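Worksheet for the structure shown next.
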Amino acid sequence: MALLLVVTYAVVQLVVALATNSLSLLSDAGHMGTDSLGLAMALAAIATASRAQRKDNRTFGWYRLEILAALANSVLLLGIAAFAIYEGIIRLSEPVALIALPVLFVAIGGLIVNLVSVWLLRSGAKESLNVEGAYNEVLADLAGSVGVIAVAIIYLTTEFAYADPIVAIAIGLWIVPRAIRLGRKALSVLVESAPDHIDLEAMTLSLSSIEGVVDVHDLHVWTLTSDMDVATAHIVIADGVASHDVLDSAGARLRETFGIAHATLQVEPESHSECIEQTW
């Protein structure tokens, strides 16, 4: 629903921006066009990841598509921000007359479209990095619509021609940190960093406190896709301790305390001396 709304109104904004010489509205139209692409990629990635069957050479399926789409959204956001800032600087030296009234009406319509889209995407943004990227794009576009409304009102009342490029530059600067933050999150997943919300030391201590466990090592935790963390670990148990009980307790501890439903645990007796531990 958000995609259909944004695509339709991006075309409206583009036509009016070209007809009225409004750089701020053109920037907003470009940003809304980026929103459309971002939303389309988000939708396609989620649909593909959820429907694709796991094959021999893709043991985790297509889940990482969601993260790649989020990274692409970040790059697109940075691109539209750079365009708005560059064109705004040029317009500061050569201000262009603006046909403000159509710009005002279209910007108000854009604000309404973005408010509806933000409402539609809000809950999903808490669960998916990909949807969060789309949500951030629409949120940034909402701020852009407010800026364009301000430009139109200022021009209608004062004919201050510099308002248009100033707001275009402001929109670009407002987008940059959000795009960078989204890109860093996506890259963190792609390089398989441990999730920020998981304390590896606390996890090690928690597993070590299980009755019969004498050591925990070679612990690795990473994020496969949004809200899907996975882990591997070697658990050393005292000789004579039932490995099944320890394995069940460790799995339950990871699920209930750390939210990790998928873990590969290697249980080793204390007398075992040839553990192959990750060294690179």
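The values are calculated or read from the model by the stated rules, or taken from the named source; none is laboratory data. Note that the structure is predicted; figures quoted are calculated from it, not measured. Neighbour counts are summed over all protein chains in view; Cβ atoms, including those assigned to glycine, are modelled from backbone coordinates with ideal geometry. Each accessible area value is taken on the protein alone, full model and side chains, heavy atoms only, with ligands, DNA and RNA left out. Shrake-Rupley method; radii C 1.70, N 1.55, O 1.52, S 1.80 Å.
Structure summary
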| read-out | value |
| --- | --- |
| Residues being open to solvent by 10 Å² or more (accessible area, probe 1.4 Å) and in a helix (DSSP H, G or I) - total across the stretch 11-44 | 18 |
| The stretch 230-260: number of residues that are within 18 Å of Asp199 (Cβ to Cβ), open to solvent by 40 Å² or more (accessible area, probe 1.4 Å) and not polar (S, T, N, Q) | 4 |
| Scan of the stretch 94-110 for residues that are open to solvent by less than 40 Å² (accessible area, probe 1.4 Å) and either farther than 15 Å from Thr157 by Cα or within 35 Å of the chain's Cα centre (by Cα) (or both), ordered by number | Ala100, Val103, Leu104, Val106, Ala107, Gly109, Gly110 |
| Flag for Ile149 being in contact (Cβ under 8 Å) with a residue 40 or more places away in the chain, among the aliphatic types (A, V, I, L, M) and open to solvent by 20 Å² or more (accessible area, probe 1.4 Å) | yes |
| Conditions (1) open to solvent by less than 40 Å² (accessible area, probe 1.4 Å); (2) over 15 Å from Ala42 (Cβ atoms); (3) free of Cβ contacts under 8 Å to residues at least 60 places away in the same chain: number failed by Ala168 | (3) |
| The stretch 155-165 - residue that is under 13 Å from Ser24 (Cα atoms) and in a helix (DSSP H, G or I) and, of those, most open to solvent (accessible area, probe 1.4 Å) | Tyr155 |
| Residue selected from the stretch 115-136 under the condition without any contact (Cβ under 8 Å) to a residue 40 or more places away in the chain and open to solvent by less than 50 Å² (accessible area, probe 1.4 Å), by the criterion farthest from Leu26 (Cα to Cα) | Gly124 |
| Test for Leu139: is it within 28 Å of Leu76 (Cβ to Cβ), open to solvent by 20 Å² or more (accessible area, probe 1.4 Å) and part of a helix (DSSP H, G or I) | yes |
| Residues located in the stretch 56-93, provided they are over 25 Å from Arg184 (Cβ atoms), at pLDDT 80 or above and open to solvent by 80 Å² or more (accessible area, probe 1.4 Å) | Ile89, Ser93 |
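So that you can scan it fast, the table gives a plain yes or no per residue for (1) part of a strand (DSSP E or B); (2) modelled with pLDDT of 90 or more; (3) under 30 Å from Val146 (Cα atoms):
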site: Trp174; (1), (2), (3): no, no, yes
site: Ala179; (1), (2), (3): no, no, yes
site: Leu182; (1), (2), (3): no, no, yes
site: Lys185; (1), (2), (3): no, no, yes
site: Glu192; (1), (2), (3): no, no, no
site: Glu201; (1), (2), (3): no, yes, no
site: Leu205; (1), (2), (3): no, yes, no
site: Val216; (1), (2), (3): yes, yes, no
site: Val221; (1), (2), (3): yes, yes, no
